[in-house]
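The values are calculated or read from the model by the stated rules, or taken from the named source; none is laboratory data. Note that the structure is predicted; figures quoted are calculated from it, not measured. Cβ placement follows ideal geometry from the backbone for every residue including glycine, while neighbour counts extend to all protein chains displayed. Calculation scope for accessible area: heavy atoms of the full protein, side chains included, ligands and nucleic acids excluded. Shrake-Rupley method; radii C 1.70, N 1.55, O 1.52, S 1.80 Å.
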Amino acid sequence: MVILLTVSSAAIVTLSKNLKHSIFAFVATLIGISGMYIFLMADLLAIANIILNVVALSVLIIIGALLTSKVTDFKIPKSVKQKYIYAGISLLFFILLVILIFITPWKTEKSELTNYTIKAIEESIITSYLMPLEIVSIFLLSALVGAAFLIRKR
Amino acid sequence: MNSVYTYLLVSAILFCLGLYGVTTRRNALLIFMSIELILSSANINLAAFSRFGALSLDGQIFAFFAIVITLAQASVGIAIVINVYNTFHTINIDKLDTSGNK
């Protein structure tokens, strides 16, 4: 069910002719991805995905769509002519990925994850992953300053 | 739902849909959403390997950092798209041409 939601709305995102439909299907895709995280016992990832992507990123994209197109006209400009070539390339890549997935001997036993991974993840982040955390913080700060600098009034 | 192949297949489908969207869409916002699909497929892979492989919890931490970096990239990207619209009055990326010929 979750997989069906994710895949079908992702298909709507890339194939729809209307920008509004694409945006709402994008939100549905992100919600489906959060559901897959829940099935993978990744509760922190599910919460972070809902808060950051479903809420913040969708609001960003909706604001971008409202600021960059006329409200009554959400038509997407026509695609390129070589659309079938790119579709063929994507399909070939997908077939290659599927072959690789099925010939690789993955470890299929489940690892020892508890039902509640948030505490373990936060202990791991403030001990062994402290340096990436600091780098990501500085990166996020500079990205915010850069975004505010880009859309200032001249 | 209970094997690693399901998640890898869904991730491959999302990646290829995102690839198709990036190469064929002409609207900058839609290219943006396709890039987000590609990054989400990578995150699903990381979470799946943290569930099914020897990569316990480290995969989830990688995916967490990837989500944060995705959001920072998205904020700068939307700012660039709005700036481009203010300059060219369109976000059709075929028409973003400063040399004057169509």
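Let me know the mean shielding of A:41-49 by other chains, meaning the per-residue number of their Cβ atoms within 10 Å of its Cβ. Walk me through the intermediate numbers first.
Details: counts 4, 12, 1, 5, 12, 1, 0, 7, 6.
Averaged over the peptide's residues, the number is 5.
Compare the peptides B:52-58, A:130-136 by average per-residue count of other Cβ atoms within 10 angstrom and give them in order, highest first. Could you put the intermediate results ahead of the total?
Details: B:52-58: 16.9, A:130-136: 12.7.
In descending order of packing, they fall as B:52-58, A:130-136.
Note the buried accessible area between B and A here, summed over both chains, with a 1.4 Å probe, in Å² to the nearest 100.
Chains B and A together bury roughly 6900 Å² of accessible area.
Each residue of the range A:29-35 in turn: what ³J(HN,Hα) in whole Hz from Karplus with 6.51, -1.76, 1.60 and θ = phi - 60°, glycine and Pro shown as x?
After applying 6.51 cos²θ - 1.76 cosθ + 1.60, I find 4, 5, 5, x, 5, 4, x Hz.
Report, to the nearest 10°, how far helix B:28-52 tilts away from the longest principal axis of the Cα atoms in chain B, using its own Cα long axis and a range of 0 to 90°.
10 degrees
Just the accessible area per residue of chain B, please: how many Å² with a 1.4 Å probe? Mind dumping the intermediate values first?
Details: 3820 Å² over 102 residues.
Heavy-atom accessible area per residue stands at 37 Å².
For A:2-14, what's the mean count of beta carbons from other chains sitting within 10 Å of each residue's beta carbon? Intermediate values should be presented prior to the final figure.
Numbers: counts 2, 6, 1, 0, 8, 5, 0, 0, 13, 5, 1, 10, 14.
Taking all residues of A:2-14 together, the mean is 5.
What is the mean number of Cβ atoms from other protein chains located within 10 Å of the Cβ atom of each residue in peptide B:87-99, rounded to a whole number? Could the numbers behind the result be given before it?
Numbers: counts 0, 0, 1, 3, 6, 3, 1, 3, 1, 0, 0, 0, 0.
Mean shielding by partner chains, rounded to a whole number: 1.
Roughly how far apart, in whole Å, are the Cα centres of the range B:28-70 and the range A:1-31?
Computed from Cα coordinates, the inter-centre distance equals 18 Å.
For the range A:3-15, just list the computed ³J(HN,Hα) in residue order, Karplus coefficients 6.51, -1.76 and 1.60, θ = phi - 60°, integers in Hz, with x standing in for Gly and Pro.
Going residue by residue, I get 5, 4, 4, 4, 5, 5, 6, 5, 5, 5, 4, 8, 10 Hz, with x marking Gly and Pro.
At a 1.4 Å probe, what is the % contribution of carbon and sulfur to the accessible area of the protein assembly as shown? Let's see the in-between values first.
On the way: 9700 of 13570 Å².
Whole-percent figure for carbon plus sulfur exposure: 71.
So what are the ³J(HN,Hα) numbers for the range A:132-146, from phi and the Karplus equation (6.51, -1.76, 1.60; θ = phi - 60°), rounded to whole Hz, Gly and Pro as x?
With the stated coefficients, the range A:132-146 comes to x, 4, 5, 5, 5, 5, 5, 5, 5, 4, 5, 5, 5, 4, x Hz.
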